[in-house]
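Quick note: the coordinates plus some simple rules give every number you see, no bench work behind them. Worth saying up front: this structure is predicted, and the values here are computed from it rather than measured. Positions of Cβ are backbone-derived with ideal geometry, glycine not excepted, and every protein chain shown enters the neighbour counts.
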Amino acid sequence: MTLSNRLLIALIWLGSLGSAAAQTAVSNIKVETDAQRVKVTYDVTGIIPRDSVYLQIESRSKGILPLKTVTGDVGRNLTPGTGKTIYWDYVLDNVQLNGDIRAFVGVHEVVRPPKPGGGPANALLSVLVPGLGNIMVQPGHKIGLRPLITVAYGGLIAFGLIQKGKSDKEYNLYQSEPYEKNAVPHYDEANRLNNQYVWAIRGAAAVMASDVIYTLIKGIRNQKQQRSQVSLQYIGNTPVVAYRVTF
């Protein structure tokens, strides 16, 4: 696999991580009013059951209206989807609607715990693209400055290959030169460029090896932490520390 293909894979993967971390969003809010109720439909993405969806109605003449009798897809234990419906019975709430109203559907989000880091198998990703496996073993797949590992590896490989091409060119000139006096400078230059190629490739290998080893160790630690968990539970009113080990 060529270096350009590896970098392309890394960019696609990082893009997928960014899209996977999409925030909660409410869209396509529509309002219908009859003689008894206000019907609000909406679409929502990114929510989890512990999030709380709420409705707010604002009147042009009275401002934000007090809502009590609200039913439908509101509150907790909801899932993402389209065509969600909320009903507000304004007659039961003894509210008179005068003029236009505007509806707002919002979400009170709970704090999301970071997604646990991946296991040692992600070291294989660092063999493919150094820095990629490193990201996958971080809590929440935190990216940070880790793409610089990929840049450093790719830069060293590219620099080494360029110097190798120059070295081969100088060596060909050395072989084609009939006079030793004129040939020696080409040989020395070819040797110098080849040394730069060797050190660049060694540097790239060191970057990859370091990243693979770190990813492997971090992945093993993550795996152990996920297998053993400590939690606080209650028996009656007595707190009990529970330790769970998964095999």
Worksheet entry | Karplus (6.51, -1.76, 1.60) ³J(HN,Hα), θ = phi - 60°, over the stretch 49-64, in Hz, Gly and Pro reported as x | x, 7, 5, 10, 8, 10, 10, 10, 10, 10, 9, 5, 8, 10, x, 6
Item to complete: Estimate the FRET efficiency between Thr79 and Lys224 by the formula 1/(1 + (r/R0)^6), using the beta-carbon distance for r and 51 Å for R0, to the nearest 0.05.
Response: 0.95
Practice prompt. Would you calculate the volume per residue, in Å³, of the smallest convex hull containing every Cα atom of the stretch 80-238?
Written response: 249
Practice prompt. Give the residues of the stretch 89-116 whose amide nitrogen is closer than 20 Å to a point set 7 Å from the Cα of Thr33 in the direction of its Cβ.
Written response: 89-106
Worksheet item: Residue separation times 0.36 nm, minus the C-alpha to C-alpha distance between Val151 and Ser59: what's the value?
Response: 27.6 nm
Discussion item. Set the bar at 29 Å for Cα to Cα. Now go through Lys30/Lys142; Lys164/Lys218; Lys62/Lys84; Lys84/Lys142; Lys142/Lys164 and name every pair that lies beyond it.
Written reply: Lys30/Lys142; Lys164/Lys218; Lys84/Lys142; Lys142/Lys164
Worksheet item: Among all the lysines, which ones have a C-alpha under 29 Å from Lys166's C-alpha, if same-chain residues fewer than 8 places away are not counted?
Response: Lys181
Discussion item. Calculate the FRET efficiency for Asp89 and Val198 from the Cβ-Cβ distance with a Förster distance of 51 Å, rounded to the nearest 0.05.
Written reply: 0.05
Worksheet item: Listed highest first by mean packing, meaning other Cβ atoms within 10 Å per residue, what order do 117-123, 216-222 come in?
Response: 117-123, 216-222
Discussion item. Suppose a student asked you for the relative contact order of the stretch 58-105, using Cα pairs under 8 Å spaced at least 6 residues apart; what percent would you report?
Written reply: 51
Practice prompt. Starting from the Cα of Ala206, step 7 Å along the direction of its Cβ; do the same at Asn191; then give the gap between the two resulting points in nm.
Written response: 2.3
Worksheet item: Can you give the extra length, in nm with one decimal, that the chain gains between Ala121 and Ile213 once fully stretched, where that is 0.36 nm per residue apart less the Cα-Cα distance?
Response: 32.0 nm
